[in-house]
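Taking it in order: structure first as structure tokens, then the write-up.
The values are calculated or read from the model by the stated rules, or taken from the named source; none is laboratory data. Everything quoted here is computed from the prediction, not taken from an experiment. All Cβ positions, even for glycine, are placed from backbone atoms using ideal geometry, and neighbour counts span all protein chains on display. Note: areas computed on protein heavy atoms with side chains; ligands, DNA, RNA excluded. Shrake-Rupley method; radii C 1.70, N 1.55, O 1.52, S 1.80 Å.
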Amino acid sequence: KSVAELLYDLMPRDVPEARLFAEELLACPIASSGESREKAIAAARVLLTKAQDASWRVIWPIFQHDVTFGKEVVSTLDRYSDKDPSWTHLDEEYLADFYIWLTRQFPHSTDPNPTGAHWVGPDDRARWLRDGVLNVLKLKGTFKACDAIRRIRGELAELDWLKWVQADAELQARRETWVPPQPQHLLALFGDSQNRLV
């Protein structure tokens, strides 16, 4: 717990030694139990939520190789926030890979449908992360994000509602990339009815 708290303070300050220390705690093979595993989980959690690039080149191969460890990490995230720097800076392709992985580990078909107050458990946190990662991708405002969502749709064809996510992402990309006409172009348009704005 102390290691996690120190890393949480140091990682946003971009202290290279802190990042190196956290990544060293994830050296393979990761222990199957005990203090070493707890430190590895804490380090992965901090890197995912506080490192500028989520230390993705280190985290992703581990999650692919050791699914159980990955599920433990995402299930212990204290609080998901799409404002954390790691999500906004993560490449669109990485976000797509992560969303596909999260959806396969925590399928939408198994989501609970509670009525009224209920206890928030580890799987709920993982599902919030899953949905949050897709939301970050949708709001990226890039056509690369649109391509990434198209790939997600191809891999998760059972999720028909993703077509609406893609439509929202394309709208956002058009908003972000729209270049307004210059005043001189508008004046030229108003001055001659034969002109057209292209």
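Being closer than 25 Å to P12 by Cβ and in contact with a His (Cβ under 9 Å, 6 or more places away or on another chain) is a description that does not apply to R125. Selection of the stretch 110-153 for residues being among the polar types (S, T, N, Q) and touching a residue at least 40 places away in the same chain (Cβ under 8 Å) yields N135, T142. Looking at D53, D91, just one residue is modelled with pLDDT of 90 or more and under 13 Å from the mean Cα position of the chain (by Cα), and that residue is D91. Of all residues assigned to the stretch 35-43, none qualifies as being assigned to a loop (DSSP other than H, G, I, E, B), free of Cβ contacts under 8 Å to residues at least 40 places away in the same chain and open to solvent by 30 Å² or more (accessible area, probe 1.4 Å). Criterion applied to I100, I59 was being among the hydrophobic types (A, V, I, L, M, F, W, C), within 15 Å of the chain's Cα centre (by Cα), part of a helix (DSSP H, G or I) and at pLDDT below 95, and the one residue passing it is I59. Screening the stretch 104-121 for residues that are out of contact with any helix residue (DSSP H, G or I) (no Cβ under 6 Å at 6 or more places or on another chain) and assigned to a helix (DSSP H, G or I) and picking the one that is least open to solvent (accessible area, probe 1.4 Å) gives H108.
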